[in-house]
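See below for the structure under consideration.
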Amino acid sequence: YGAPGVEFMGLHEENNTVMQIHFIPDQCQLVTLLDDNSLHLWSLKQHSGASELREEHHFTLKGPPGSPPSATQITAVLPHSSREVLYLGTESGNIFVVELPSFRVLEDRTITSEAVLQRVPEDYCNRRSCELVEALQEHPKNPDQLLIGYSRGLIILWDLRSIKVTHHFLGSQQLENLYWQRDGNKFISCHYDGSYTQWPVSSDNRQPEPLENLVPYGQKLVSINLGWSFLLASVSLVSAEFDDPSAMVVLAEEELVVIDLKTAGWPAVHPPYLASLHCSAITCSHHVSNIPLKLLSSSFQVLVMELNDEDAEHVVDHAEADLLQDQEGYRWKGHEKLKTRDGPVRFEAGFQPFVLVQCQPPAVVTSLALHSEWKLVAFGTSHGFGLFDHQQKRLVFVKCTLHPSDQLALEGPLSRVKSLKKSLRQSFRRIRRSRVSSRKRRGGSGNASEVREANAKFDQDALQEMELAPVQRKIEARSAEDSFTGFVRTLYFADTFLRDSSRHCPSLWAGTNGGTVYAFCLRVPPAERRMDEPVRAEQAKEIQLMHRAPVVGILVLDGRSTPLPEPLEVAHDLSKSPDMQGSHQLLVVSEEQFKVFTLPKVSSKLKLKLTALEGCRVRKVTVANFGSCKTDDYSENDLAVLTNLGDIQIISLPFLKLQIRYPCIRKEDVSGIASCVFTKYGQGFYLISPSEFERFSLSTKWLVEPRCVVD
């Protein structure tokens with residue numbers, strides 16, 4: 001445990017919470033308990049040169065007919081050192097014994113609460129019952145003795161050979177857990193109120209003992225801040241041979257903490273991962289490849305922040321981008337923009353903001369794009385998009401994308417509940433339009449026989465179309481009156497041929513929720529005049545997709561049909577320069593289709609419609625470079641596409657042929673699909689909890705599966 005890259009993962013078929021995990025001693029096996037009261041036996045076995053965690057058996061403890069569920073609800077699990085049986089404490093106070101690995105219940109060895117109470121003083125039995133089993137611990141020196149703790153405070157030492165209670169201990173507080181000392185002469189009980197008590201076992205005195213000298217460091221007190229509300233669920237002493245603890249492991253609600261008891265001040269041991277297991281939720285992610293060492297040692301201006309090794313105090317410049325300028329009849333109904341602070345602000349070392357751009361209206365920023373060489377950043381909202389020169393700290397231009405029907409976009413995030421009725425009305429209108437157009441195709445007049453013939457011909461044509469193109473479908477056009485058509489979904493910088501085929505120029509592309517693509521020619525001054533002359537922008541193209549589906553991706557292919565590389569990678573010789581001799585092509589990806597246009601004419605060249613199976617839609621798309629696992633001389637660029645069904649499709653470039661489809665994320669996992677991030681080399685990440693990433697690979701060259709071995 002603790003080495004980065006060493007891990008084994010097992011996935012239960014049941015979608016239930018894992019409540020407990022217990023190792024079988026010296027067997028490379030473990031048992032898990034789920035919240036549905038099922039037990040699962042896992043084994044580490046070698047296969048193809050690596051160890052794999054495989055489920056061997058599963059089992060659910062059942063009581064006699066007519067017994068309540070609490071009779072067999074498991075609360076404590078103890079794998080015995082003999083490696084032959086499991087002891088299962090339950091809510092009823094009974095302890096069942098099951099055989100390993102078969103999970104067969106050994107009924108004649110059950111330790112019942114009635115048998116325990118027979119050896120407990122009558123006054124205690126009259127006051128309270130055993131209640132549920134809270135803790136089970138094997139005697140460290142005698143495997144035939146079990147320490148059993150019940151929730152109301154009763155603790156007994158049970159002898160397996162004589163089948164009776166040999167010692168009993170009466171606690172006054174609700175029990176949480178039990179721990180043996182190494183010699184087996186004493187044990188410690190932990191209680192609900194935060195107290196803990198030491199009990200002697202060898203002597204006849206069964207009264208609790210004071211604990212002033214329990215820990216060698218008893219005179220020292222160190223306060224450790226564990227963040228939000230914390231629960232001390234488990235404390236383990238990583239001990240030397242003579243009970244000289246070197247570290248303490250604390251499992252809190254939010255993280256796993258290891259305290260170094262050998263170093264002055266008891267500092268926390270730094271874990272081999274970047275953050276705690278469960279800290280604040282991740283809300284946005286972006287993957288950056290091929291970072292040059294010079295950049296790390298000097299991630300440079302990023303957006304409107306720069307990396308500084310030292311603390312600094314400075315004024316943050318402020319700029320405003322009014323996306324509704326020159327637009328009449330629009331009025332923002334949401335919250336007002338945040339007020340900026342005047343005067344200098346002190347920042348710690350690291351990323352320090354030096355300029356702030358505020359959009360007006362103050363709606364959510366829905367898309368961002370940065371060009372590191374041109375010193376430009378583009379931003380989009382539900383009202384439009386703009387371009388900002390972060391070197392001159394100057395706004396270049398803004399473009400409003402609102403449609404006259406986009407009043408909902410002006411109401412702000414708190415007023416959108418009332419849009420439900422409008423959305424339903426629009427859905428029913430689309431259904432009616434579809435039915436009316438269908439009837440028109442079938443023929444709306446004539447006698448019954450003509451109608452039947454028209455219907456038969458229509459069905460035959462439809463059947464032939466389905467047989468010829470089984471993975472494609474007709475895409476129903478969306479109305480321009482649909483809400484949020486001006487919502488900017490994607491922004492893209494490219495140096496390409498936009499005005500004519502002889503000269504290329506910098507450009508900015510934007511795609512909206514209504515299927516519109518805007519293209520702007522940019523004039524960026526050369527480096528020697530970059531601070532003296534302004535950046536100029538002029539709209540050159542506007543494309544309206546017929547089906548009006550949201551545009552989720554824009555890409556330019558060079559003369560070799562290769563996607564344009566990142567300019568920063570080219571500047572540092574991490575990527576080849578693009579081919580600017582041949583003709584370029586524009587790829588526009590909407591939620592429902594992929595379409596290739598020629599540049600600079602922007603004429604349609606090729607398209608691929610997405611399958612209609614179960615309402616498939618594109619959610620994320622990126623270009624991935626797939627290298628050969630056998631030779632470094634071959635690689636190809638393809639599209640990696642994530643759909644709303646959670647599957648990933650690989651589509652070839654530039655011919656848009658479906659290569660393969662992988663099931664990746666459960667379609668019910670909406671947050672996982674929304675959080676997915678692709679890398680440039682066929683890998684990806686998605687959230688499996690608010691703060692945990694799952695990593696996957698689509699490339700045989702870059703395998704992310706840990707290949708670990710346990711001897």
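For a modelled paramagnetic label at Arg104, 7 Å from Cα along Cα-to-Cβ, the residues of the range 32-61 in reach, with backbone nitrogen under 20 Å, are 39-42, 56-61. Determine the shape class of the range 516-566: with a ≥ b ≥ c the square roots of the Cα gyration tensor eigenvalues, call it rounded for a/c under 1.5, and otherwise prolate if a/b is greater than b/c, oblate otherwise. Verdict is oblate for the range 516-566. With an a/c value of 1.5 or above and a/b not larger than b/c for the gyration tensor axes a ≥ b ≥ c computed over the alpha-carbon atoms, the range 61-164 is described as oblate.
With a simple spin-label model that places each label point 7 Å from the Cα along the Cα-to-Cβ direction, the separation between Met531 and Ser691 comes to 4.3 nm. Ranked by the mean number of other Cβ atoms within 10 Å of their residues, highest first, the peptides 673-682, 315-324 fall in the order 673-682, 315-324. Taking the alpha-carbon centroid of each part, what is the distance from the range 500-522 to the range 627-697 in angstrom? So the two Cα centres are separated by 27 Å.
Near the amide H of Gly384, within less than 5 Å, lie the amide hydrogens of Thr401, Val488, all on another chain or at least 5 residues away, with H placed in the peptide plane. If you take all other residues with their beta carbon under 13 Å from the beta carbon of Gly380, and give Lys and Arg +1 and Asp and Glu -1, the sum is +2. The phi-based Karplus calculation (6.51 cos²θ - 1.76 cosθ + 1.60; θ = phi - 60°) puts the 3J(HN,Hα) values of the range 490-502 at 8, 10, 8, 9, 7, 9, 8, 8, 10, 9, 8, 7, 9 Hz, whole numbers, x for Gly and Pro.
Taking the mean number of other Cβ atoms within 10 Å as a proxy for protection, how do you rank 690-697, 329-336 from highest to lowest?
690-697, 329-336
Please find the FRET efficiency linking Ser652 to Thr166, where r is the Cβ-Cβ separation and R0 is fixed at 51 Å, and quote it to the nearest 0.05. With R0 = 51 Å, the Cβ-Cβ based efficiency is 0.10. Scalar couplings 3J(HN,Hα) for the range 512-521, obtained by applying the Karplus form with A = 6.51, B = -1.76, C = 1.60 to θ = phi - 60°, are 10, 5, x, x, 9, 10, 10, 10, 10, 7 Hz; x denotes Gly and Pro. With all protein chains in place and ligands, DNA and RNA left out, the 1.4 Å accessible area ranks Lys141, Lys605 as Lys141, Lys605, largest first. A simple spin-label model places pseudo-atoms 7 Å from Cα toward Cβ; at Cys505 and Leu256 they are separated by 5.8 nm.
Which cross-chain or sequence-distant (5 or more) residues have an amide H under 5 Å from the amide H of Met19, H modelled 1.01 Å from N in plane? Here the answer is Leu33, Leu34, Asp35, since their amide H atoms fall under 5 Å of that of Met19.
Protection proxy ranking, highest mean first, for peptides 91-100, 169-178, 377-386: 377-386, 91-100, 169-178, where packing is the per-residue count of other beta-carbon atoms within 10 Å, averaged.
With 23 Å as the limit, the listed pairs Lys337/Lys375; Lys333/Lys620; Lys541/Lys576; Lys620/Lys667; Lys607/Lys630; Lys595/Lys680 have Lys337/Lys375; Lys333/Lys620; Lys541/Lys576; Lys607/Lys630 beyond it between alpha carbons.
Seen from all directions on average, the range 618-710 presents a Cα convex hull projection of 7.3 nm². For the range 340-357, the Karplus equation 6.51 cos²θ - 1.76 cosθ + 1.60, evaluated at θ = phi - 60°, returns couplings of 8, 8, 8, x, x, 10, 8, 10, 6, 4, x, 6, 10, x, 10, 8, 10, 10 Hz by residue, with Gly and Pro reported as x.
Between amide H atoms placed 1.01 Å from N, distances below 5 Å from Lys607 occur with Val596, all of them 5 or more places distant or on a separate chain.
The values are calculated or read from the model by the stated rules, or taken from the named source; none is laboratory data. What you are looking at is a predicted structure, and each value in this text was computed from that prediction instead of being measured. Heads up, the Cβs are rebuilt from the backbone with ideal geometry, glycines too, and the neighbour counts pull from every protein chain shown. Just the protein is used for accessible areas: all its heavy atoms, side chains included, with ligands, DNA and RNA removed. Shrake-Rupley method; radii C 1.70, N 1.55, O 1.52, S 1.80 Å.
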